[in-house]
Amino acid sequence: MTRLQPIYDIAQLCSQKGLSQAIVCPGSRCAPLTLAFVNHPGFNTRTISDERSAAFIATGIAQQTSTPVVLVCTSGSAAYNFAPAVAEAYYQRIPLIILTADRPTEWIDQWDGQTIQQEGLYGKHVKKSFQLPEAESHVDVSWHINRIVNEAVNLSKDFPCGPVHINVPLREPLYLQKNESIKFSESTRVIERMETHTFFSEEQANQLIADWNGFSKIAVVAGQDNYNDRLAKVLERFIRHQKVALVGDVISNVHSIADTIRYADSFLGQCPDSVKRALQPELLVTFGKSVISKNLKLFLRQNKSLKHWHIQPKGDVPDTFQSLNKVIESEPENFFELLMNTKSASEFELIKRQNFYTLWEAEEHRAKRAVGQFFEKSELHELSLLQEVITQLPARCNIHLANSMSVRYANFIGLEAGKKGIRVFANRGTSGIDGCTSTAVGHALSSEVPNFLIIGDVAFFYDRNAFWHNYALPNFRVVILNNHGGIIFNLIDGPENAPERQEFFITNQKLTAKNLCGEFGFDYLKIESARQVKNALVDFFTFDGKTKILELEGTQKVNKNAFEKFKKHIKSTYQ
């Protein structure tokens, strides 16, 4: 056995455990790891030069495939550049196996090049951090490395999924010597973890049903999550039988359910307090992760439910709405299936529950009509263009919503039940702008369906290295809302009244995407007037093997005024 055989066998073990995608960043210290994954027939290995972008691309691939992706870098600051994506993956529960090459332990803090303290580098933003022993040809070292990698992969896939860090000290020589070749051990040990599904005992089921029947005002809030076909079908039947309001942001991926309350962000921000009091639930049931809507969060914090149940199989649960009193460790579909056919204690209680559901339904219909009326006008601004794009999305595609205003605009516009084949993604784990494009690129590299990214100019140019690689993206489309700055700082309370906001908050910038498209060979489509929209979108939605970027260049004043008009129009329906 050669000295580096345990390192080469990391690729073999990962392949045997079902992993098939690796992102490696150029460097010398990581050469044994890079060569292992590049030469393993079970891996599709890509190289991305910018570590920050590489980590977000890996995050996108892992999210798209629901399988851990291997991420490799050299020693030193390269590993720190993974950190933003690692934090995003941690809070979004996305599985990654992060392999950071390191210098031998004795050379740490000795002024040796590309050497920093890498052990435990990502702190609490990984599920666990491991330190490998230095590779040598001893059977115990091979056993130890195998055991750690087995544990790391199992842990990354265990609910809640997440990133796991393995720091790998490597001693020179790092490259193959003359006449050497990489071989993988055939007898690599695989440690499997068997999943068991927890079901409610008869006693637990009876207690839940009894507690459920004690409430007539019930609201269910779906947080961010990937689309789950079984859950969607169960919820569809559940709402029909139980007449309970299901509130779902655009990132919750419950838009395929016909009776979803999808315009809560619109009406809760504009309706009078009397309406909010009428909508206050006695029992709040939540599942999934975070919600976008600040209006929804404030409503639930200021109008607290008597009880708040959160449903997830296991793991820590945040108290987002300051009312949590019960965590039910179950798959959400099992919970809703249990309560599907539960009957109210009396006809009177059933009527009360239906009346509460009708209140939410009435506000939903009011907001939907108002949103439709607003977009009947032929004005050109960011909201109207985004509404046109969302309306014309193909039946099966992924839509990626960048942070700041893009995801908020989309949440106000909403996706209707007819758009069942659309999957929504957004970096709402940490809600940063730093890797929105790269994450979407990861999806495009690992899926055959069209991928659409809606993004503002600051987020887009901040992550332009998402395209700095040699891989084609024929299924990728980008819409840039370019108002030459961070318009959100003109809209939220606080910054808009600060005289320093133009220079120090809004980040005025003069770039357009034209030159970038020239550099990377993308088609560039620009919209400057309303009459250009129709033809531009025909070209944009034509898939001819090219990456296309559609840019709306406007002013912050026009788009701020349009957004204010939108909110005033919703509010006018209550006057």
Item checked: Relative packing of 444-455, 549-560, which averages over residues the other C-beta atoms within 10 Å, highest first -> 444-455, 549-560
Next item on the list: Rounding to the nearest 20 debye, state how big the charge dipole of the stretch 202-372 is about its Cα centre with +1 on each Lys and Arg Cβ and -1 on each Asp and Glu Cβ.
Entry: 620
Next item on the list: Quick one: which residues, 5 or more positions from H308 or on another chain, have an amide H under 5 Å from its amide H? H modelled 1.01 Å from N in the peptide plane, none for Pro or chain starts.
Entry: L284, N325, K326
Margin query: Explain nothing, just the number: dipole magnitude of the chain about its Cα centre with +1 on each Lys and Arg Cβ and -1 on each Asp and Glu Cβ, in debye rounded to the nearest 20.
Written below: 1500
Next item on the list: Work out the charge dipole of the chain with +1 on the Cβ of Lys and Arg and -1 on the Cβ of Asp and Glu about the Cα centre, then indicate which of S384, T542, V24 is farthest towards its positive end.
Entry: S384
Next item on the list: Positive end of the charge dipole of the chain (Lys, Arg +1 and Asp, Glu -1 on Cβ, about the Cα centre): tell me which of L350, T260, V250 has its Cα farthest that way.
Entry: L350
Notebook entry, point to check: When the chain is fully extended, how far beyond the present Cα-Cα distance does L298 get from K514, taking 0.36 nm per residue of separation?
Noted result: 73.7 nm
Checklist line | Contour minus Cα-Cα distance for I108 and S181 (0.36 nm per residue) | finding: 23.3 nm
Margin query: For T100, T573, which order do you get if you count the other beta carbons within 10 Å of each Cβ and list the fewest first?
Written below: T573, T100
Next item on the list: Beta carbons within 10 angstrom, averaged per residue: use that to sort the peptides 397-404, 369-376, highest first.
Entry: 397-404, 369-376
Next item on the list: Name the shape class, rounded, prolate or oblate, that the alpha-carbon gyration tensor gives for the stretch 5-169, where a ≥ b ≥ c are the square roots of its eigenvalues, rounded holds for a/c under 1.5, and otherwise prolate holds if a/b is larger than b/c and oblate otherwise.
Entry: rounded
Item checked: Inter-label distance, nm, simple model (7 Å from Cα along the C-beta direction), T196/E528 -> 6.8
Item checked: Rounded if a/c under 1.5, otherwise prolate or oblate - the stretch 403-483, Cα gyration tensor axes -> oblate
Checklist line | Radius 12 Å from Cβ of C73, net charge of other residues (Lys, Arg +1; Asp, Glu -1) | finding: -1
Item checked: ³J(HN,Hα), Karplus 6.51/-1.76/1.60, whole Hz, each residue of the stretch 358-367, x for Gly, Pro -> 5, 4, 5, 4, 5, 5, 4, 5, 4, 5
Margin query: Which of the three applies to the chain, rounded, prolate or oblate, going by the alpha-carbon gyration tensor with a ≥ b ≥ c and a/c under 1.5 meaning rounded?
Written below: oblate
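Would you work out the charge dipole size for the stretch 379-572 about its Cα centre, treating the Cβ of every Lys and Arg as +1 and the Cβ of every Asp and Glu as -1, and quote it to the nearest 20 debye?
Roughly 520 debye for the stretch 379-572.
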Note to self: Restricting to Cα atoms and excluding each atom paired with itself, what does the Kirkwood estimate give for the stretch 202-372 in Å?
What the structure shows: 16.1
Check: A210 to N154: FRET efficiency via 1/(1 + (r/R0)^6), r the Cβ-Cβ distance, R0 22 Å, to the nearest 0.05?
Finding: 0.05
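Each value in this text was obtained by applying a stated rule to the coordinates, not by laboratory testing. None of these values were measured; they are calculated from a predicted model. When we count neighbours, we look across all protein chains shown, and the Cβ atoms used for this are built from the backbone with ideal geometry, even at glycine.
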